[in-house]
Amino acid sequence: ITTDLRITLPSFTFSQGSDTVTYSMKQPYEDYALVADGEIFSVNRVGENTVTGNVYSGKGITVKDMDPTLTAAHKLTINGNYIVTRGDIKAVDTAVLTIGNNIRPLLWADNLKTQTTSSYQTSYKTPTNLIINAVCLVKDDLTLDGRNSNAVLTGAYVGYTGEHTVKGSAIMINGSGSSLNLSGLSSLVLAGRAHVSVEDSILKGISVSDPDINILTGESLAIKSNQRAYLIPGEFIKLVKDTTEQTAMHNPLTQKDLQAGTPDVDIVATTDTSKINYFKYVNLSPNQFKIVAKQTTTGGTDTLRYYYLNFASGKLADEYLVDYLNKYSKMLQNLANFTLGNVTLPMENIVSAGNLMYYNSSLTAPLQYLMGKSSLYIDDAAMDDEIAKKDFSTINNNSVYEGTGLLDKQIRDLTKLHFNLTHYLSPTETTRKLQETDQVVASTALRSSVAQVISEFPLGYSPKSTGFTYYNSLTGITVSNTTESAAKSIVILNGDAQIAANSYFNGFLMASGNVTIGEGATINGIIIAAGGTTSPGNVVVNNNAKVYGRIIAAGDITLKENCTIACTGNTTFDSSLSVNTFLKNLFDTDGQILWKLFINPEVTVNFTSGSTSADLVNISNLVTYENWRKNK
């Protein structure tokens with residue numbers, strides 16, 4: 001086994017006249033209000049939670065209304081410069097998620113979604129709302145899966161994964177009664193195409209060489225009811241039994257059809273210009289079709305078999321749909337049981353791989369399309385490359401990107417920038433060594449060091465920050481200060497922490513376990529649940545709690561009703577200081593203890609000529625082992 005030995009020496013500053021050694025440390029997670037390696041949940045019946053400051057979540061952000069029967073929906077409002085997640089951002093069951101109502105942030109996510117669960121009944125009319133004013137940089141899709149969803153996006157939207165596979169970035173409207181308003185976007189980029197996502201398994205006993213059962217479409221903005229356009233006409237499906245055959249003449253096939261004969265699909269060319277020549281669009285080798293199955297009743301045995309066109313390329317799927325809409329203009333106008341509100345597009349600055357569908361419910365022929373870029377290129381690869389080279393800095397006002405690492409970037413660079421943000425909370429930093437978990441909190445907060453720090457700094461440690469007291473515990477602690485002016489604290493726990501209901505905590509708290517913030521409690525400072533061998537490091541913020549500063553969790557962060565989270569500070573506490581200044585003073589003066597809790601912190605040591613080396617630094621903290629590997 002081989003490892004790299006790393007010795008890190010903090011910077012030293014001589015301070016004339018200083019009689020004590022001081023450690024000044026740059027604050028971790030600066031400008032972030034919430035940081036979680038797990039998921040951020042705002043799941044409640046009513047009430048509104050507000051978050052002011054940057055937000056990071058390793059596994060996504062979910063806001064859900066637990067009682068969709070109520071007309072008063074649960075709401076989450078987020079305002080910050082960065083909203084970043086490796087996962088999905090979801091609004092569920094009549095909840096209202098608002099991002100960027102005061103400022104226009106950069107939003108990075110894998111997917112944006114609305115959803116409805118089994119708690120939501122078809123009779124409910126209260127919409128699920130997704131309201132975003134941001135520069136949205138979305139790796140995969142924007143999907144309205146929830147019934148009666150209402151999504152309004154302003155700013156700019158970039159779906160940046162340009163592949164003609166299930167990973168291509170697109171927008172899909174699958175929820176009946178939904179509306180999508182993109183008219184306020186200054187730029188819309190969709191580098192991929194939508195697919196018909198098939199949850200049902202392929203039929204047993206049917207041989208299909210392509211294991212990817214998702215059905216490629218010719219749409220970058222797709223409407224669910226259009227799926228019928230991609231079904232193989234029944235005239236190409238034969239039912240063969242013994243020496244006889246009959247044409248099915250419909251698709252899907254029923255159980256009765258299968259009893260009449262074994263299905264055989266053979267798409268043939270036509271010279272009739274009034275009809276679509278399906279032959280030129282499909283993948284003749286190995287299969288012209290894909291088969292999916294769906295039970296006709298929940299838990300029933302009757303099964304329908306759907307035969308979908310298997311396109312030879314994304315470009316041909318795009319061209320097919322245009323051909324279909326031009327020849328059979330009325331076929332998709334009847335939405336049957338699937339209804340829509342309006343689907344509107346911006347007036348200019350649109351770039352998409354496939355076609356864009358839009359809808360005006362007041363028109364007699366409401367469904368229309370805007371052609372994608374396929375017609376301009378000879379193949380998918382050329383088109384994908386052209387979109388990938390688009391200059392990102394022209395998408396919105398350049399001033400938005402100052403200091404973000406986005407200036408002079410192209411669409412193809414966004415994947416790398418997203419990786420940096422979701423690992424370092426900075427698009428430009430690449431120097432920090434990550435732990436094997438590749439998680440932000442796990443890579444910056446030293447979970448295993450809590451007990452060590454407690455042993456190195458017994459209760460005799462005297463904080464240099466005015467008015468602060470140092471506490472530690474090997475088992476956990478409950479904080480129950482009764483006044484907001486209670487003594488400020490540095491608390492390090494090898495266990496769980498409880499902040500009692502209607503109490504106050506001012507300062508810094510790191511626990512190796514979970515942290516519970518009681519109902520009505522007020523926090524001024526930083527709360528870190530670093531987790532440990534037996535604890536995920538979750539933080540629960542109960543009803544009406546207020547946190548001015550930062551919440552950091554190795555696990556999940558759960559917000560109950562009417563919580564306020566703001567990294568911008570509480571001006572009512574210590575009226576001479578905002579919480580930012582309050583925290584800066586703490587890290588400037590008590591870096592000696594705080595820097596031991598973090599990996600690779602930026603630390604400056606001030607000392608006098610009479611200081612000994614033991615005063616300046618603990619040698620054991622300088623040596624780390626990195627990049628463990630097994631020799632071959």
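For a modelled paramagnetic label at residue 258, 7 Å from Cα along Cα-to-Cβ, the residues of the range 304-329 in reach, with backbone nitrogen under 16 Å, are 304-308.
Where both bridge residues fall in the chain, DSSP classifies roughly 20% of the beta bridges as antiparallel.
Rounded to the nearest 0.05, what FRET efficiency do residue 428 and residue 360 have when you use their Cβ-Cβ distance and R0 = 30 Å? Efficiency, from the Cβ-Cβ distance: 0.10. Descending by average beta-carbon neighbour count within 10 Å, the peptides 345-358, 516-529 line up as 516-529, 345-358, the highest first.
A 1.4 Å probe run over the protein chains yields, for the chain, 43 Å² of accessible area per residue, whole-number rounding.
Note: relative contact order over the range 295-411, using C-alpha pairs below 8 Å and six or more positions apart, is 18 percent. With a ≥ b ≥ c the root eigenvalues of the C-alpha gyration tensor of the range 231-304, is it rounded (a/c under 1.5), prolate (a/b larger than b/c) or oblate? Taking the square roots of the gyration eigenvalues as a ≥ b ≥ c, the range 231-304 is prolate.
For the pair residue 31 and residue 585, a Förster radius of 22 Å applied to the C-beta separation gives a FRET efficiency near 0.80, rounded to the nearest 0.05.
Remark: for residue pairs 224/275; 373/416; 64/90; 327/373; 139/409; 26/59, the C-alpha separation exceeds 18 Å in 224/275; 373/416; 327/373; 26/59. The label-point distance for residue 456 and residue 46, in a model that sets each label 7 Å from Cα toward Cβ, rounds to 5.1 nm.
Shown for the chain: the carbon plus sulfur share of the solvent-accessible area, taken with all protein chains present and a 1.4 angstrom probe, equals 49%. Using a Förster radius of 22 Å, what is the FRET efficiency between residue 368 and residue 231 based on their Cβ-Cβ separation? Nearest 0.05, please. In this case the efficiency is close to 0.55. Think of the chain as having a plus end and a minus end, set by charges on the Cβ of Lys, Arg, Asp and Glu; of 458, 128, 250, 250 sits farthest toward the positive end of this dipole. Available extension along the chain between residue 420 and residue 313 is 35.3 nm, counting 0.36 nm per residue and deducting the alpha carbon span.
Label-to-label distance, residue 280 versus residue 519, with points set 7 angstrom from Cα along the beta-carbon direction: 7.0 nm. The charge dipole of the chain, taken about its Cα centre with unit charges on the Cβ of Lys, Arg, Asp and Glu (plus for the first two, minus for the last two), comes to roughly 380 debye. With a cut-off of 14 Å between beta carbons, the residues surrounding residue 538 carry a summed charge of -1, where Lys and Arg count +1 and Asp and Glu -1.
The values are calculated or read from the model by the stated rules, or taken from the named source; none is laboratory data. All of these numbers come straight from a predicted model, not from anything done at the bench. Because the Cβ atoms are built from the backbone with ideal geometry, glycine has one as well, and the counts that use them run over all protein chains shown. Just so you know, the surface numbers come from the protein's heavy atoms only, side chains and all, with ligands and any DNA or RNA stripped out. Shrake-Rupley method; radii C 1.70, N 1.55, O 1.52, S 1.80 Å.
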